[in-house]
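A.B. asks: Mind having a look at this structure? Questions to follow.
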Amino acid sequence: MDWGTELWDQFEVLERHTQWGLDLLDKYVKFVKERVEVEQAYAKQLRSLVKKYLPKKPTKDDPEVKFSQQQSFVQLLQEVNDFAGQRELVAESLGVRVCLELAKYSQEMKQERKMHFQEGRRAQQQLENGFKQLESSKRKFERDCREAEKAAHTAERLDQDINATKADVEKAKQQAHLRNHMAEESKNEYAAQLQRFNRDQAHFYFSQMPQIFDKLQDMDERRATRLGAGYGLLAEAELQVVPIIGKCLEGMKVAAESVDAKNDSQVLIELHKSGFARPGDLEFEDFSQVMNRVPSDSSLGTPDSRPELRAAPNRSRAKRWPFGKKNKPRPPSLSLLGGHLPSTLSDGPPSPRSGRDPLAILSEISKSVKPRLASFRSLRGGRGTVVTEDFSHLPPEQQRKRLQQQLEERNRELQKEEDQREALKKMKDVYEKTPQMGDPASLEPRIAETLGNIERLKLEVQKYEAWLAEAESRVLSNRGDSLSRHTRPPDPPATAPPDSSSSSNNSGSQENKESSEEPPSEEGQDTPIYTEFDEDFEEPASPIGQCVAIYHFEGSSEGTVSMSEGEDLSLMEEDKGDGWTRVRRKQGAEGYVPTSYLRVTLN
């Protein structure tokens, strides 16, 4: 069924329908344009949001980037940014394939529709003109017939009138004959015009207009098909980015699953582990000795007759007080600082018999007391900390790591310079053998510069190696000191001072007991802090794994063991978080080595 056959008389209906179809096409194009604007605005806002929350610092300068939580968040932002890019692709695809192409196609359809309806209107106009000519010839034929009939009646009337002359009768007959002849001509013209009109009308209704209507039908069907394809492009643009969007969503899911709380805790330890030894226990300072003694002239007048109060050998080193209020230094304890208490101070205020100035006694005390490091601020460094080349401003563990990083960088640079030197030498040999390829003398400045860089880097490597060895010794020393304190038995509780009723009776015996105590020798104060390690090593234990030395280590500090690069070792104790691992060599020697120098394989 087609429009030319079924809708031959619905010219105006077809005109309205085709115009409605083109309006619908334009409406869809406008809808897609607004959809494109929405997608572009959405993508722009997503990118702005990602840019707002992305880290502003460079990656290498931001310690937070080492945490899996931060890495996952950055990965999540990157996936959102990629998602925004896919929305931009959707907008671009819709803008090109739908908006531009359909708008252009709509203009073509409008021109084609206009052409078809202009052709139809011309055919209608021609048919109307033929009908007008037919009506004109018909009216003329009718008029001529009436005139001929009237002339015939006039001639017959004069012919019967006896008073009419012969000339009048002849004239009337001639006029009637003329009118009859004109009527015949009008009749023939009317018949010819009617025949022509019928032919044109049949051609108009059975051939010309059906063809025009069929063309309009074909145009409208093509428009509807293209509009349906445009509807499909809306979904196709989405389907094209679905796989990528799916990958973005999978990436978000992977980022969420990659958060490792345990690893983040370990990273925090690695980033901020200072390597300092924990502060030791404070000694009990017995200020009741003055009350427990019987005053006498001999005791007041001889400040050197009292034994000096000394700290325990293991407490001779100055410790840090980490829990001071607002990081304020804690007043130093003379017993902790290893200084000797003058007898005058231990016995109370000086006696007038002593003959010594109290200011002189205080001056002696201040000279014997060493300043004490206190508070976490002293461990971490304040804002005004001067950055040194050997990183000595950092805590021991952080200093070791930074020195190791610098050493690795210098080694890489040194290897690069050596490779460049070898390449320049080979190029120089080629130039010497083949002079046409280049002048060997032109390479001398570059070779000399490379040699200078190599010497400079070698010196820097030696310097950083020395600093690294010193830092490792420092870290190991702090670790051993902490272990020695925690492995020794706890100090017995201090005896409470006697009450006032028995102070006079026990004062003599107390003095005798104190006078009988000998001060600790200097050897006791210099006792190695790794004696506990040696005691542990006396009882051999079974290895818990194997390890291979990646670098050479001297092991000059006490409690450590030397190893050569590539040497196979037995793993005796894992790293406890301080950067040191206990190993045993094949010769039987055991000790601690840096964990970063090993490649460990557990059993």
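A.B. asks: Return the residues of the range 564-579 that are buried (at least 18 other Cβ atoms within 10 Å of the Cβ) and either among the hydrophobic types (A, V, I, L, M, F, W, C) or touching a Ser or Thr at 6+ places or on another chain (Cβ under 8 Å) (or both); say none if nothing qualifies.
C.D. replies: 569, 571, 572, 579, listed by residue number.
A.B. asks: Could I ask something else about it? Name the one entry in 599, 582 that is open to solvent by less than 60 Å² (accessible area, probe 1.4 Å) and either modelled with pLDDT of 90 or more or among the basic types (Lys, Arg) (or both).
C.D. replies: 582
A.B. asks: For residue 163, only one of the following conditions fails: (1) open to solvent by 60 Å² or more (accessible area, probe 1.4 Å); (2) modelled with pLDDT under 90; (3) assigned to a helix (DSSP H, G or I). What is its number?
C.D. replies: Only one criterion in (1) open to solvent by 60 Å² or more (accessible area, probe 1.4 Å); (2) modelled with pLDDT under 90; (3) assigned to a helix (DSSP H, G or I) is unmet by residue 163, namely (3).
A.B. asks: Can you list residue pairs whose Cβ atoms sit under 9 Å apart, with the first residue in the range 140-167 being among the small types (Gly, Ala, Ser) and the second being exposed (fewer than 13 other Cβ atoms within 10 Å of the Cβ)? Count only pairs 6 or more apart in sequence or on different chains.
C.D. replies: 148/181; 155/174; 164/157
A.B. asks: Go through 522, 590, 532 for me and flag whichever is in contact with a helix residue (DSSP H, G or I) (Cβ under 9 Å, 6 or more places away or on another chain) and at pLDDT below 50.
C.D. replies: Details: 522 fails: in contact with a helix residue (DSSP H, G or I) (Cβ under 9 Å, 6 or more places away or on another chain); 590 fails: at pLDDT below 50.
On inspection, the qualifying residue turns out to be 532.
A.B. asks: Okay, next question. Take residue 591 and tell me if it is of a type outside the set (D, E, K, R) and more than 25 Å from residue 265 (Cβ to Cβ). Please lay out each step first, then the result.
C.D. replies: On the way: of a type outside the set (D, E, K, R): yes; more than 25 Å from residue 265 (Cβ to Cβ): yes.
Considered against the rule, which asks whether it is of a type outside the set (D, E, K, R) and more than 25 Å from residue 265 (Cβ to Cβ), residue 591 comes out as yes.
A.B. asks: If only one of 229, 224, 235, 256 is open to solvent by 40 Å² or more (accessible area, probe 1.4 Å), more than 30 Å from residue 27 (Cα to Cα), small (Gly, Ala, Ser) and assigned to a helix (DSSP H, G or I), which one is it?
C.D. replies: 256 is the lone residue from the list that is open to solvent by 40 Å² or more (accessible area, probe 1.4 Å), more than 30 Å from residue 27 (Cα to Cα), small (Gly, Ala, Ser) and assigned to a helix (DSSP H, G or I).
A.B. asks: Evaluate the range 4-23: report whether one residue or more is among the aliphatic types (A, V, I, L, M), in a helix (DSSP H, G or I) and open to solvent by 80 Å² or more (accessible area, probe 1.4 Å).
C.D. replies: no
A.B. asks: Moving on to the next point. Return the only residue of 240, 211 being touching a residue at least 60 places away in the same chain (Cβ under 8 Å), touching a Leu at 6+ places or on another chain (Cβ under 9 Å), open to solvent by 90 Å² or more (accessible area, probe 1.4 Å) and at negative phi. Explain how you work it out, then say what you get.
C.D. replies: Values: 211 fails: touching a Leu at 6+ places or on another chain (Cβ under 9 Å).
When all the criteria are applied, what remains is 240.
A.B. asks: Restrict the check to the range 183-203 and report whether at least one residue is open to solvent by 80 Å² or more (accessible area, probe 1.4 Å) and within 60 Å of the chain's Cα centre (by Cα).
C.D. replies: no
A.B. asks: Another question, if that's okay. Between residues in the range 412-433 that are farther than 14 Å from residue 453 by Cβ and residues that are assigned to a helix (DSSP H, G or I) and of a type in the set (Val, Ile, Thr), which pairs lie under 8 Å by C-beta distance while being six or more apart or on different chains?
C.D. replies: 425/447; 428/447
Conditions (1) at pLDDT below 85; (2) open to solvent by 40 Å² or more (accessible area, probe 1.4 Å), marked per residue:
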site	(1), (2)
414	no, no
433	yes, yes
446	no, yes
449	no, yes
478	yes, no
481	yes, no
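A.B. asks: Can you tell me which residue within the range 119-146, out of those that are buried (at least 18 other Cβ atoms within 10 Å of the Cβ) and small (Gly, Ala, Ser), is farthest from the chain's Cα centre (by Cα)?
C.D. replies: Here the answer is 137.
A.B. asks: Somewhere in the range 28-37, is a residue more than 30 Å from residue 405 (Cα to Cα), at pLDDT below 90 and not β-branched (Val, Ile, Thr)?
C.D. replies: No, every residue in the range 28-37 fails to be more than 30 Å from residue 405 (Cα to Cα), at pLDDT below 90 and not β-branched (Val, Ile, Thr).
A.B. asks: Could you tell me which residue of the range 33-90 is most open to solvent (accessible area, probe 1.4 Å), considering only residues that are among the acidic types (Asp, Glu) and in a helix (DSSP H, G or I)?
C.D. replies: 37
A.B. asks: For the range 419-434, what are the residues that are acidic (Asp, Glu) and in contact with a helix residue (DSSP H, G or I) (Cβ under 9 Å, 6 or more places away or on another chain)?
C.D. replies: If the condition is that a residue be acidic (Asp, Glu) and in contact with a helix residue (DSSP H, G or I) (Cβ under 9 Å, 6 or more places away or on another chain), then 429, 432 are the ones that fit.
The values are calculated or read from the model by the stated rules, or taken from the named source; none is laboratory data. This is a predicted model, so every value here is computed, not measured. Note: ideal-geometry Cβ built from the backbone for every residue, glycine included; neighbour counts use all protein chains shown. Heavy atoms of the whole protein, side chains included, go into the accessibility calculation; ligands, DNA and RNA do not. Shrake-Rupley method; radii C 1.70, N 1.55, O 1.52, S 1.80 Å.
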